[in-house]
1. List pairs: first in the range 203-229 and on the phi > 0 side of the Ramachandran plot and open to solvent by less than 10 Å² (accessible area, probe 1.4 Å), second at pLDDT 95 or above and not polar (S, T, N, Q), Cβ under 6 Å, 6+ apart or cross-chain?
2. Taking the condition of being within 17 Å of the chain's Cα centre (by Cα) and open to solvent by less than 10 Å² (accessible area, probe 1.4 Å), how many residues in the range 352-370 meet it?
3. Going through the range 148-202 one residue at a time, which ones are over 20 Å from S335 (Cα atoms) and assigned to a strand (DSSP E or B)?
4. Quick check on the range 37-58. Is at least one of its residues of a type outside the set (V, I, T), within 16 Å of the ligand (Cβ to nearest atom) and not assigned by TED's automatic domain parsing to the domain that holds A207?
5. Of (1) open to solvent by 10 Å² or more (accessible area, probe 1.4 Å); (2) within 15 Å of the ligand (Cβ to nearest atom), G236 satisfies all except one. Which?
6. Are there strands (runs of 3 or more DSSP E) fully within the range 279-390 with at least 2 residues that are in contact with a Pro (Cβ under 7 Å, 6 or more places away or on another chain)? List them.
7. Restricting attention to the range 333-365, and to residues there that are within 16 Å of the ligand (Cβ to nearest atom) and among the basic types (K, R), which single residue is farthest from R306 (Cα to Cα)?
Amino acid sequence: MSDAIDWARVRAAFPILDQQVSGWPLIYFDNAATSQKPRPVIEALVRHYERDNANVHRGLHELSRRSTDAYEAARATVARFLGAAHPEEIVFTRGTTESVNLVAQVWAERFLKPGDAVLVTAMDHHSNLVPWQLAVRRAGAVLKWVPVTDTGTLDLDALDALLTPEVRLFAFVHISNSLGTLNPAADLCRRARAHGITTFVDGAQSAGHIPVDVRALGCDFFAFSGHKMGAPTGIGALYGRREVLETMPPWQGGGEMIHRVTLEESTFKAPPARFEAGTPNVAGAVGLAAAVDFLEALGLPAVAARDDALTRHALERLESIPGLRVLGPAAPRGSLVSFSLDGVHPHDLVTFADTRGLALRGGHHCTQPLLRRFGVPATTRASFYFYNTPEEIDRMVEILDEARRFFAP
Ligand code: PMP
């Protein structure tokens with residue numbers, strides 16, 4: 001695993017990683033749930049609050065100007081990061097969940113009619129499933145889903161038959177947070193577009209891990225969460241193609257999203273302001289821009305290669321543990337590994353790992369239908385980011401093997 005970047009130096013930028021848990025060096029393998037934050041992101045937050053903090057857009061004083069400039073510069077940074085054509089195509093949200101709910105309420109209110117259908121997949125996170133269930137119920141439409149094969153990929157042979165004239169929108173996960181499957185997003189968007197179907201990509205596990213270019217993907221919407229890619233919690237974005245955002249009515253009402261208000265009615269600003277009612281998470285946006293700068297300085301291809309090398313190493317080493325079964329395809333996949341270990345409940349395994357300073361996650365990972373499909377109530381998941389090391393993976397394998405012997409009947 002040798003390349004031009006000194007990954008030990010990169011890791012040193014993440015202060016939280018340098019600590020002991022239960023008397024052992026912390027091994028943080030819960031990155032798919034949330035990532036750790038590099039010092040430049042933490043410092044950007046501190047600098048913002050120590051020097052620039054004020055409310056945005058409506059102030060005419062120096063600090064408000066600085067905060068507004070930083071907030072709008074962050075929008076331009078995110079637009080560049082996603083390959084969007086215009087900063088106005090970026091709506092700041094709390095994260096992926098809020099982005100899906102925005103579209104499932106606003107786009108659906110305008111475009112979804114009784115008898116229409118929304119297509120999702122059987123591997124979607126509850127965040128990209130439940131909002132669509134609610135949307136179709138409100139509209140009198142129906143939900144359909146692309147099935148998942150035994151190897152944990154989308155059943156693409158079934159897709160064409162599902163792209164019927166009733167389908168108005170196809171929402172799917174880019175990288176599955178449960179299986180690790182990397183879906184062929186550009187191909188899926190192309191096939192949907194050929195039928196005039198609007199596309200929504202859940203990029204919660206892909207943004208910040210692999211290069212993302214929304215125009216190359218050809219999607220109408222793309223959602224991600226900053227906290228999974230080195231930025232603070234509570235900030236993320238929705239990319240919406242300008243022509244699509246402009247057709248959408250407002251979402252939440254309040255300050256900042258209006259032009260003119262009378263007691264009877266209001267007129268509304270153009271996107272993205274139309275969808276950003278109230279005081280936004282300015283510091284979060286500043287932190288998100290700092291995270292993007294950090295990732296881009298490393299280079300997304302290098303980050304993706306590092307993630308991939310760690311994942312390959314894990315897949316190879318986990319084969320040595322008797323009774324351990326990895327879910328999901330061998331490739332292409334994101335930087336996480338979900339597995340079952342014979343005779344050991346994931347919660348027991350995760351609790352055991354914690355006593356050795358190893359942070360894993362056990363549960364249904366907000367994908368209950370998917371785990372039901374594989375006949376398991378829960379899995380154990382190890383998820384990696386570029387600051388993790390092959391040595392940490394070797395240590396995880398030792399701990400898992402120790403747990404296997406500890407729990408053996
Ligand atoms: N989609 C996927 C694939 C995810 O992994 C997650 C987070 N686990 C979400 C959506 C929801 O993200 P958030 O909780 O940041 O809104």
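1. These pairs meet every condition: G208/M229; G208/L295.
2. Residues that pass the stated criteria total 1.
3. V167, R168, L169, F170, A171, T198, T199, F200
4. So far as the range 37-58 goes, yes, one or more of its residues are of a type outside the set (V, I, T), within 16 Å of the ligand (Cβ to nearest atom) and not assigned by TED's automatic domain parsing to the domain that holds A207.
5. All conditions pass for G236, except number (1).
6. Answer list for the range 279-390: 361-363, 379-383.
7. The selected residue is R361.
Table: residues versus (1) within 13 Å of the ligand (Cβ to nearest atom); (2) buried (at least 21 other Cβ atoms within 10 Å of the Cβ); (3) within 18 Å of F222 (Cβ to Cβ).
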| position | (1), (2), (3) |
| --- | --- |
| H86 | no, no, yes |
| T96 | yes, yes, yes |
| W107 | no, yes, yes |
| P114 | no, no, no |
| V130 | yes, no, no |
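The values are calculated or read from the model by the stated rules, or taken from the named source; none is laboratory data. Treat the numbers as computed from the prediction; the structure is a model and nothing was measured. Neighbour counts are summed over all protein chains in view; Cβ atoms, including those assigned to glycine, are modelled from backbone coordinates with ideal geometry. All accessible areas refer to the heavy atoms of the entire protein, side chains included, with ligands and DNA or RNA removed. Shrake-Rupley method; radii C 1.70, N 1.55, O 1.52, S 1.80 Å.
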